[in-house]
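Read the structure below first, then the notes.
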Amino acid sequence: LRAKYEAWREMILKLVANAEAVIDFGEDVPDSEALGDMPQRVDALIVALTAHLDDKRRGEIVRSGFRVAIAGAANAGKSSLLNAIAQRPAAIVSPIAGTTRDVVEVALDVEGISVVLSDTAGIRSNTADEIERLGMERARDVVQ
């Protein structure tokens, strides 16, 4: 997106410079020559900006950010992955299966885009531990 926005910025700056030149020196040349292809460039810019803003909410998603869940089997390394990406010990890591029982979220900025990364409880077929079962339910909710 940065390249696209920078291109639009450059186009706008050139159009403003052309408009200022027409204002300052326009009386020396006929309007058709002074304006040149400015009207076509303005129209092209309007079309590009309108198409970008009418993006069926993709832009809204980019502006508000992405939510990414790390899900999988118990003791698969989900918390270790979250910690490595966050570059800090955000989640407790243990060799004991079922350590993560709640959703652990880390807010990140990935090249200017907001990302919330969620570590979830490991999913396994059964557990006698009621708290671990609740954690697995929350993990399923986050994934959906």
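Taking Gly112 as the residue in question, decide whether it is touching a residue at least 24 places away in the same chain (Cβ under 8 Å), touching a strand residue (DSSP E or B) at 6+ places or on another chain (Cβ under 7 Å) and on the phi > 0 side of the Ramachandran plot.
The answer is no for Gly112.
For residues in the range 42-83 being aliphatic (A, V, I, L, M), under 20 Å from Ser114 (Cβ atoms) and open to solvent by 70 Å² or more (accessible area, probe 1.4 Å), which is modelled with the highest pLDDT? Spell out the reasoning first.
Quick first cut of the range 42-83, residues aliphatic (A, V, I, L, M) only: 42, 44-49, 51, 53, 61-62, 68-71, 73-74, 76, 81-82.
Filter once more, so that each one left must be under 20 Å from Ser114 (Cβ atoms): 53, 61-62, 68-70, 81-82.
Imposing the further condition that a residue be open to solvent by 70 Å² or more (accessible area, probe 1.4 Å) reduces the set to 53, 61, 81.
Details: Leu53: 77, Ile61: 66, Leu81: 91.
It comes out as Leu81.
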Query raised in the report: Residue check, Val115 against (1) touching a helix residue (DSSP H, G or I) at 6+ places or on another chain (Cβ under 7 Å); (2) surrounded by 15 or more Cβ atoms within 10 Å (Cβ to Cβ), all met but one. Which one?
Result: (1)
Requested in this report: Look through Ala128, Ala107, Ala97 and report the one residue that is open to solvent by less than 70 Å² (accessible area, probe 1.4 Å) and of a type in the set (Gly, Ala, Ser).
Outcome: Ala97
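Quick grid of which residues meet (1) over 17 Å from Asn75 (Cα atoms); (2) at pLDDT 85 or above:
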| position | (1), (2) |
| --- | --- |
| Pro89 | no, yes |
| Pro95 | no, yes |
| Gly112 | yes, no |
| Met136 | no, no |
| Asp141 | yes, no |
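Every residue in the range 122-144 that is assigned to a helix (DSSP H, G or I) and either within 11 Å of Gly98 (Cβ to Cβ) or touching a Gly at 6+ places or on another chain (Cβ under 7 Å) (or both), please. Steps first, please.
Step one: filter the range 122-144 for residues assigned to a helix (DSSP H, G or I), giving 130-143.
Answer for the range 122-144, where residues must be assigned to a helix (DSSP H, G or I) and either within 11 Å of Gly98 (Cβ to Cβ) or touching a Gly at 6+ places or on another chain (Cβ under 7 Å) (or both): Ile131, Glu132, Arg133, Gly135, Met136.
The values are calculated or read from the model by the stated rules, or taken from the named source; none is laboratory data. Please read all numbers here as calculations on a predicted model, not as lab measurements. Methodologically, a virtual Cβ is constructed for each residue, glycine included, from the backbone with ideal geometry; neighbour enumeration extends over all protein chains shown. The area values use the complete protein model at the heavy-atom level, side chains included, leaving out ligands, DNA and RNA. Shrake-Rupley method; radii C 1.70, N 1.55, O 1.52, S 1.80 Å.
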